[in-house]
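Here the structure is laid out as structure tokens; the discussion comes afterwards.
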Amino acid sequence: MSQESELIRRLAAIVGERNVKTSADDLVGPLTDWRSRYHGRAIAMVLPATTAEVSAIVCECARQRVPIVPQGGNTGLVGGATPDSSGQAILIKMSRMNRVVAVDPIGNTITAEAGVILSDLQKAARSFGRLFPLSLASEGSCTLGGNLSTNAGGTAVLRYGNTRELCLTVEAVLADGSIIGSRDGSLHGLRKDNTGLALSQCMIGAEGTLGIITQAVMKLFPMPKSQVTALAALRSPEDALKFLERAQMHCGSTLTAFELINQLAVELVERHFPPARYPFQTRHAFMVLLEISDHDDATHAMQMLEALMQGAIEDDIIQDAVVAQSVAQSQEFWALRENISEAQSAEGKNIKHDISIPIAGIAKFVKETDAALQDAFPGVRMVNFGHLGDGNLHYNVSPAIGQTDEELLAKQDAINAVVYEGVERFAGSISAEHGIGQLKREALKLHKSAAELAAMAHIKAALDPLGLMNPGKML
């Protein structure tokens, strides 16, 4: 029996034969990333059902020196969950570990396995009258483990923080099969635990390169009594920043989302997601989608938002506004925002940038970098949108009219260089919420200090001395 066949036999003994997949039909989807930019190979895909099974799989792979790639919903945008082309790795798919273990409405926590779909986690919280505020366009298919591994952000970071800030502790399997974060299989939801290094924080954002997250305890919040959504039309990112300052002063902590969207982004959604339609009679260069979540009644929330809009129009900060009058209309507004990435995909290839800039510098960054890109690559079209309230822009470049996808992608490195030079000049980050994966691994080396890279390498070597955990990603 070959070494590979022996490995498959041993893995089947751990999880059952039906949960070890080796056929091309079973593997084609999991071995291709969401953007179809990376296509990997693997010995097999293994689907564990418990943390103990994950530990046993990792132990067996470590014994035979076989690389391991963990995968959640496979919705990532940087190739972080796709094996390389060598065909030497085992893909660990977490979809069977999909239980909500416990909800504590007094402590405001929810404990769940890594394979729980984000929208299911939200529903479980709502059934107890609580809010789990992490919200992403992919929430119907992305998983908690993936959200933690990439430190996902989403649309409510402005008020609630990103995934790291929503997590109290994780359980994870390390490269030697040992388990951290739980005691006899159970996790605590302590808000304060000052007993040494915060190992959970090392796992969050590590993209599976240090260990495999299997469970987590996440924070919950009281469910708001009302949520009101609105769209505001404006001329420029400069005006958007003025409007953000006004909204924060006027709405305080009730301001939950503040999303900037440029005109081309909306046009793509209109084209590819009918019956989506432009919400204003006159076209504007930019719009802002904002939402407030209030613990008072809907009337109070509506009055607050309408007063904000009226004052901003009178002071010539915004040109037009519309406040959602129903849940259905609010969903229509959010669909304009949430369908942008899918609309871009339907339109063709594009070069994505998930960047963060100090908020006060965003308008100047966009103006200067747009101009630099047009000088170097005449006619390229910018699809700019994102979480203005926390400084995160999805600053995407689409082909010029008449330019093919291949012609654009051939210039990817040069386009990235222009964008990243601007990010560096404005003291920003080349990855705000998508992670590093394969896509930005080389760029990371240019935008982190030697000391930071060395520290990360030392941590990786200490926790994964054989280099088996999601190799080729991040580090």
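For this structure, a couple of remarks:
- Given (1) hydrophobic (A, V, I, L, M, F, W, C); (2) modelled with pLDDT under 95; (3) touching a Gly at 6+ places or on another chain (Cβ under 6 Å), number of the condition PHE426 does not satisfy: (2)
- Residues (over 27 Å from the mean Cα position of the chain (by Cα) and either among the charged types (D, E, K, R) or closer than 25 Å to LEU234 by Cβ (or both)) located in region 288-305: ASP296, ASP297, ALA301, MET302, GLN303, MET304, LEU305
Table: residues versus (1) closer than 28 Å to ALA343 by Cβ; (2) β-branched (Val, Ile, Thr).
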{"site": "ARG130", "(1), (2)": "no, no"}
{"site": "LEU136", "(1), (2)": "yes, no"}
{"site": "ASN147", "(1), (2)": "yes, no"}
{"site": "ALA152", "(1), (2)": "yes, no"}
{"site": "THR155", "(1), (2)": "yes, yes"}
{"site": "THR163", "(1), (2)": "yes, yes"}
{"site": "ILE180", "(1), (2)": "no, yes"}
{"site": "ARG183", "(1), (2)": "no, no"}
{"site": "SER186", "(1), (2)": "no, no"}
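- Within region 278-303, considering residues that are more than 17 Å from VAL327 (Cα to Cα) and either in contact with a Leu (Cβ under 9 Å, 6 or more places away or on another chain) or among the hydroxyl-bearing types (Ser, Thr, Tyr) (or both), the one surrounded by the fewest Cβ atoms within 10 Å (Cβ to Cβ): THR282
- Residues (under 25 Å from SER356 (Cα atoms) and either assigned to a loop (DSSP other than H, G, I, E, B) or of a type in the set (Gly, Ala, Ser) (or both)) located in region 142-187: CYS142, GLY145, GLY146, SER149, ASN151, ALA152, GLY153, GLY154, THR155, ALA156, GLY161, ASN162
- Counting residues in region 197-212 that are surrounded by fewer than 24 Cβ atoms within 10 Å (Cβ to Cβ), more than 24 Å from the chain's Cα centre (by Cα), without any contact (Cβ under 8 Å) to a residue 40 or more places away in the chain and part of a loop (DSSP other than H, G, I, E, B) gives one or more.
- Residue pairs meeting the criteria (Cβ under 9 Å; at least 6 apart or on separate chains; first free of Cβ contacts under 8 Å to residues at least 24 places away in the same chain, in region 283-312; second among the charged types (D, E, K, R) and assigned to a helix (DSSP H, G or I)): ARG283/GLU267
- Qualifying residue in region 330-344 (condition: under 29 Å from ARG271 (Cβ atoms) and free of Cβ contacts under 8 Å to residues at least 24 places away in the same chain): yes
- Scanning region 193-235 for residues that are of a type in the set (Val, Ile, Thr) and under 30 Å from PHE128 (Cβ atoms) turns up THR195, ILE204, ILE212, ILE213, THR214, VAL217, VAL228, THR229.
- When LEU190 is tested against (1) over 27 Å from ILE68 (Cα atoms); (2) assigned to a helix (DSSP H, G or I); (3) of a type outside the set (D, E, K, R), just one condition goes unmet, and that condition is (2).
- Residue in region 388-439 that is surrounded by the most Cβ atoms within 10 Å (Cβ to Cβ), counting only those that are under 19 Å from the mean Cα position of the chain (by Cα) and at positive phi: GLY435
The values are calculated or read from the model by the stated rules, or taken from the named source; none is laboratory data. Every value quoted in this text rests on a predicted model; they were computed, and no experiment measured them. So basically every Cβ, Gly included, is an ideal-geometry build from the backbone, and we count neighbours across all protein chains shown.
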